[in-house]
Amino acid sequence: MKQNIYTKLHAEGLLSDESFQKLKTRHEAPLFSVHWELNTILYLGVILLTGGLGTLIYKNIDTIGHQAVLAIIALICIGCFYYCFKHKKPFSKEKVASPNTGYDYILLLGSISLVTFIGYLQYQYGVFGNSYGLATFVPMALLFYIAYDFDHLGILSMAIVNLGIWMGVSVTPKTLLMMGTYNTPKLINTYLVLGAILLMAAYLSKQLKIKKHFKFSYQNYGTHIAFVALLSGFFHYFEHSLSLVYVAVVFALAGYMYRESFKERSFYFVMISILYGYIALCGLAVELVADAKLDDEGVLYFLLMAFIGSAIGLIILLININRKLKADDHI
Amino acid sequence: MIIYNKLWLDNLQVVDQLQADHEDGYITKEEFVAIKQKYLVGFYLPKIVGRVGFFILTLIAIALSTGLVSLMAATGEFIESPYWWLFLSFAYYACTELMTKGNKYFHSGIDNALLYYSAGLFTFSIVWACNDPANWGIGYIPQFVILLIAAIFLTLRFADVILAICSCISFFSLIYFTWAKTGSFGLATMPFVMMIAAGAAYFVLTKMRKDDKNTYYHTCIDVARCAALVVLYLAGNYFVVNRLNNELHGLDDSHTQVQLGFFFWAWTMLMPLVLIALGVTKRNRLLLRLGIIIVAAAVATFRNYYHLLPIEAMLTLAGAILLLLAYTVIKYLKTPKHGVTYAELSKASDWDKLNIEGFIISQTATQTPNIDTGQQTTFGGGTGGGGGSSDSF
């Protein structure tokens, strides 16, 4: 089947002799790559091993003793980083490819054990005393350093999550999805500041040309955190006039993000800014209708129809934008 | 039968294949552009991000519309019968047909949402009507016959993988309930009947996969083959057979013996290995991946009956074995052997660009620090939050 396609294209003059030969030899003796499968097994192995060892130590802590445990973790950590420093390529502001596949996993294992080591020290011996800020700042700073020096996107994600922990909030993707947990003004504001920092980092990554490929991670976390925080603020102060400030900021940020992402031709961020803006708009509509106190079935019908109409309108709008961006679209 | 423009489907196949070759550096950009211009594809094909977004938005719009229409119709008794939902299902199906044809959709998100919603409503109303004595009350067998026919029709019409899976579920459910009708003899021989059915389905599907006439349905057939293999495995899995046996004889779950237990244990343990071996020797990714997943099922089954080791020792051992295995295989395949290689042959796909790995790492690898978060917010939140923010600005 595949061969037929090539033969046909070749006959039509759409494939040069050289390309045709290359493709022919490729499909005559096809190589079967088990890259994905082996990588999955590797990752699974790391998770099972660390999980198993962790539980094992936890259950036998009385016989093993904390020093021994710390020593083991430190040994793993040192071993990993010794390997990584030995094989490391020099720092560059551009993307640096990892020397081999194992390298990334070893770096990951080293980083996880490093964070665990520091956490353990603080938990058991309280080396940082009561300064919890410092106890979380140190691992965060180390993680950012590792992410930049060794160029590892996964560790950058860990560092961003740790930045949130340092500021006192949890930013794993799961907690971000549960908007309802952001219910105190202090928490909302912390998230807002975190979102602003991350968006700033995304902006600076691009502007200063330092590790431009990190921009996506920063922007991704930053956008969602900032918008979710703003929307929670809006719904938290729903009955207040303060909610109007939040909704105004949502619109401003969405508009700005929309323009910037459009310039960069990133449909993902265009869509996200439109969607968050739309949610705010719907909330505003409900608020206005609730304010008008029209206790009428007609209002319900009107709202439902307005939502349906606007949702369809939104789909058409997004389709059109997608068409415009299609010329060269990445994510 | 298929709703899409066949010429475009053919062209899409050519373009897709040559695109992969282009990304892997086998053909030049000029050649690829020329081929793309000659083999025009008129479908509306957004990328994965767009498709997911459209899908969700369409679902919201349909759900709201259903609410609105139902609200307006709520005065009559009609709405309290399955016919109302059946009517809505047909209405949405008409929308799917018209929009797919009119807007040249091809699994673009919008048509998927409409199609699944319509199929979901259909299933809901049929299940309701068949099991409610006030309506038809005709039981499982006619119900699955209707669902199977509908699912196969939709699969053939839209070449959609989810509906292909639905067809498989209906098919195997139909066989199960039909055979169960024969009484205790039926239940006693159930594993073998299901094995035969699944094996036959796999055999027929593999034959169909080789036929050039079915080229538009290749993905659907592959998914269905996968489903058939999973059923084939589960039908002989010791745990499943044991539970079914207990159900039949009214025993509780402490009873762990079954007749022909040796056969079922062999089936549980050997089938994944056979799948992996076949996958590697026949260069079949489907069998290989399925085999790897089923190994986990086999281990879980074994552990359910024999607690040789405590769970943590088991995890540690398994992790060590997996790492060692992967390491050995990678070392062994440093230079490709027998046409199998560890090297990456194709460029990163859309999914890789989304940095899924980073997402998973941030979700799984930060479990421990998460515990700190709770402490932070309760008695350290102020220092961390306030101090941090002013510092960084």
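Tell me whether the range A:20-32 contains one or more residues that are among the small types (Gly, Ala, Ser) and either under 36 Å from the mean Cα position of the chain (by Cα) or at positive phi (or both).
Of all residues in the range A:20-32, those among the small types (Gly, Ala, Ser) come to A:29.
Going one step further and asking which of them are either under 36 Å from the mean Cα position of the chain (by Cα) or at positive phi (or both), we end up with none.
Checked against the condition, which is being among the small types (Gly, Ala, Ser) and either under 36 Å from the mean Cα position of the chain (by Cα) or at positive phi (or both), the range A:20-32 yields no hits at all.
The set of residues in the range B:14-25 that are surrounded by fewer than 19 Cβ atoms within 10 Å (Cβ to Cβ) and facing chain A (nearest Cβ under 8 Å) contains only B:Gln17.
I'd like the full set of residues that are under 24 Å from A:Tyr105 (Cβ atoms) and either in contact with a helix residue (DSSP H, G or I) (Cβ under 8 Å, 6 or more places away or on another chain) or modelled with pLDDT of 90 or more (or both), limited to the range A:59-71. Write out each step before concluding.
Narrowing the range A:59-71 to residues under 24 Å from A:Tyr105 (Cβ atoms): A:69-71.
Listed by number, the residues that qualify are A:Val69, A:Leu70.
Listed by position, the helices (runs of 4 or more DSSP H) inside the range B:232-321 whose residues that are closer than 19 Å to A:Gly52 by Cβ number at least 3 are B:285-305. Among the residues of the range B:156-172, those identified as surrounded by 22 or more Cβ atoms within 10 Å (Cβ to Cβ) and closer than 17 Å to B:Tyr202 by Cβ are B:Ala164, B:Ser167, B:Cys168, B:Phe171, B:Phe172. Checking each residue in the range B:128-186 for being within 30 Å of B:Thr100 (Cα to Cα), in contact (Cβ under 8 Å) with a residue 24 or more places away in the chain and out of contact with any helix residue (DSSP H, G or I) (no Cβ under 7 Å at 6 or more places or on another chain) picks out B:Leu156, B:Arg157, B:Ile169. Total residues in the range B:29-48 satisfying the condition of being in contact with a Ser or Thr (Cβ under 7 Å, 6 or more places away or on another chain) and among the hydroxyl-bearing types (Ser, Thr, Tyr): the figure is 1. When the range B:266-289 is filtered for residues that are surrounded by fewer than 18 Cβ atoms within 10 Å (Cβ to Cβ) and more than 30 Å from A:Leu31 (Cβ to Cβ), the ones remaining, listed by number, are B:Ala266, B:Met269. Here are the criteria: (1) modelled with pLDDT of 50 or more; (2) more than 24 Å from B:Thr268 (Cβ to Cβ); (3) of a type in the set (S, T, N, Q). Tell me which single one B:Thr301 does not satisfy. Against the list (1) modelled with pLDDT of 50 or more; (2) more than 24 Å from B:Thr268 (Cβ to Cβ); (3) of a type in the set (S, T, N, Q), B:Thr301 comes up short only on (2). Inside the range A:139-172, residues that are buried (at least 23 other Cβ atoms within 10 Å of the Cβ) and without any contact (Cβ under 8 Å) to a residue 12 or more places away in the chain make up a count of 1.
Got a sec? Which of A:Ala311, A:Ala306 is within 13 Å of chain B (Cβ to nearest Cβ), buried (at least 19 other Cβ atoms within 10 Å of the Cβ), more than 19 Å from the chain's Cα centre (by Cα) and modelled with pLDDT under 90?
Numbers: A:Ala306 fails: buried (at least 19 other Cβ atoms within 10 Å of the Cβ).
Testing whether each residue is within 13 Å of chain B (Cβ to nearest Cβ), buried (at least 19 other Cβ atoms within 10 Å of the Cβ), more than 19 Å from the chain's Cα centre (by Cα) and modelled with pLDDT under 90 leaves just A:Ala311.
Just one of the listed residues (B:Ala91, B:Ala34, B:Ala73, B:Ala61) is farther than 21 Å from B:Leu156 by Cα, more than 10 Å from every other protein chain (Cβ to nearest Cβ) and either of a type in the set (A, V, I, L, M, F, W, C) or in contact with an Asp or Glu (Cβ under 8 Å, 6 or more places away or on another chain) (or both), namely B:Ala73.
Any residue that is more than 22 Å from A:Phe307 (Cα to Cα), in a loop (DSSP other than H, G, I, E, B) and not small (Gly, Ala, Ser) - is there at least one of those in the range B:70-77? Yes: the range B:70-77 contains one or more residues that are more than 22 Å from A:Phe307 (Cα to Cα), in a loop (DSSP other than H, G, I, E, B) and not small (Gly, Ala, Ser).
Mind telling me which of the residues A:Gly110, A:Gly154 ends up being within 23 Å of A:Ala196 (Cα to Cα) and not in a loop (DSSP other than H, G, I, E, B)? Let's see the steps before the verdict.
Values: A:Gly110 fails: within 23 Å of A:Ala196 (Cα to Cα).
Exactly one of A:Gly110, A:Gly154 is within 23 Å of A:Ala196 (Cα to Cα) and not in a loop (DSSP other than H, G, I, E, B), namely A:Gly154.
Is it fair to say A:Ser131 is in contact with a helix residue (DSSP H, G or I) (Cβ under 6 Å, 6 or more places away or on another chain), closer than 29 Å to A:Gly168 by Cα and either of a type outside the set (Val, Ile, Thr) or within 14 Å of another protein chain (Cβ to nearest Cβ) (or both)? Criteria not met by A:Ser131.
Within the set A:Leu288, A:Leu244, A:Leu304, the sole residue that is in the same structural domain as A:Thr190 (by TED's automatic domain parsing) and under 18 Å from B:Ala61 (Cβ atoms) turns out to be A:Leu304.
Taking residues in the range A:43-57 that are buried (at least 20 other Cβ atoms within 10 Å of the Cβ), and partners anywhere that are charged (D, E, K, R) and part of a helix (DSSP H, G or I), the pairs with Cβ atoms closer than 6 Å and at least 6 places apart or on different chains are A:Gly52/B:Glu312. Applying the set (1) buried (at least 19 other Cβ atoms within 10 Å of the Cβ); (2) out of contact with any Pro (no Cβ under 9 Å at 6 or more places or on another chain) to A:Thr63 leaves exactly one unmet item: (1).
What is the residue count in the range A:198-257 for residues that are over 12 Å from A:Gly283 (Cβ atoms) and of a type in the set (Phe, Trp, Tyr)? Qualifying residue count, the range A:198-257: 7.
The values are calculated or read from the model by the stated rules, or taken from the named source; none is laboratory data. Values in this document were obtained by computation on a predicted structure and should not be read as measured data. Note: ideal-geometry Cβ built from the backbone for every residue, glycine included; neighbour counts use all protein chains shown.
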